[in-house]
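This report refers to the structure that appears directly beneath it.
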Amino acid sequence: MAETEAALRTLAHNVRTARTRAGLSLDELGRRAKVSKGALVGLEKAQGNPNFATLVRLADTLGVSVSALMEGPAEGRVRVVTAEAVMPLWTGAEGSEARLMLTTSGPAPVEVWRWKLQPGEEYPSHPHQAGVVETVSVTAGRMTLVVDGTEHPVEAGQTATFDADAPHTYRGAGTKTCHLIMTVHLPPGPTATT
């Protein structure tokens, strides 16, 4: 599909550019992001199909947002995105999904995600870089937010926020589909790697 090929070319260009800007070799990026050198070479040649977890680890390691790896050049002053125009970056076996709607520009970007969680289905996330803050705003249904092993129920009309440098899991709760908006607040500028 042409759209997928174009998306892979954009991803390849953005990863290569971010890696070069960070001064990392393929070997070093692979080691830090826990991605094989072969997978990185393929990715930078616009081949292969990296999964969501790989994209998150690469973005964290490079100090950029996931959407910064996936988006082409910005278009105009106002950008309106419909959910149907955005492919899910994660889908669960029961029909859960996560769509990265957009990322704001500026020195401290914010990712805006739309999630749908089916009852009992969960998405576990590894800890992000220090300084990353996530919020979840449940618009329908209920979820359980697990941060560092502690469960926190979040219901429709409630918003939770937490430092995302600890392991965390989103789990659908109750008997109905949970809909939520999740934001990821990234620290300002490219993070210094030591």
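Observations on the structure shown:
- The chain: relative contact order as a whole-number percent, Cα under 8 Å and 6+ apart: 19 percent
- Were the residues from T20 through H179 laid out at 0.36 nm apart, the gain over their Cα-Cα distance would be 53.4 nm.
- Computed [θ] at 222 nm, deg cm²/dmol, the chain (DSSP H ≥ 4; -39,500 (n - 2.57); rounded to nearest 500): -8000 deg cm²/dmol
- Computed Rg/Rh of region 83-185, alpha carbon atoms with Kirkwood Rh: 0.95
- Largest-first principal axis extents of the Cα set of the chain (Å): 46, 38, 34
- Cα-centre dipole for the chain with unit charges at Cβ (Lys and Arg positive, Asp and Glu negative), debye to 20: 460 debye
- Peptide ranges 61-67, 116-122, 7-13 listed from the most packed, as the mean C-beta count within 10 angstrom indicates: 61-67, 116-122, 7-13
- In region 2-70, taking the dipole from charged Cβ atoms about the Cα centre, the farthest positive-side position among A6, L55, A22 is held by A22.
- Rounded to the nearest 20, the Cβ-based charge dipole of region 83-185 about its Cα centre (Lys and Arg +1, Asp and Glu -1) stands at 280 debye.
- Take the Kirkwood radius over Cα pairs of region 2-70, plug it into Stokes-Einstein at 4 °C and 1.567 mPa s, and you get 112 µm²/s for translational diffusion.
Values quoted throughout were computed directly from the atomic coordinates according to the rules given, and no laboratory measurement underlies them. Model, not experiment: these values are computed from the prediction. For neighbour counting, all protein chains shown are included, and Cβ atoms are generated from backbone atoms with ideal geometry for every residue, glycine included.
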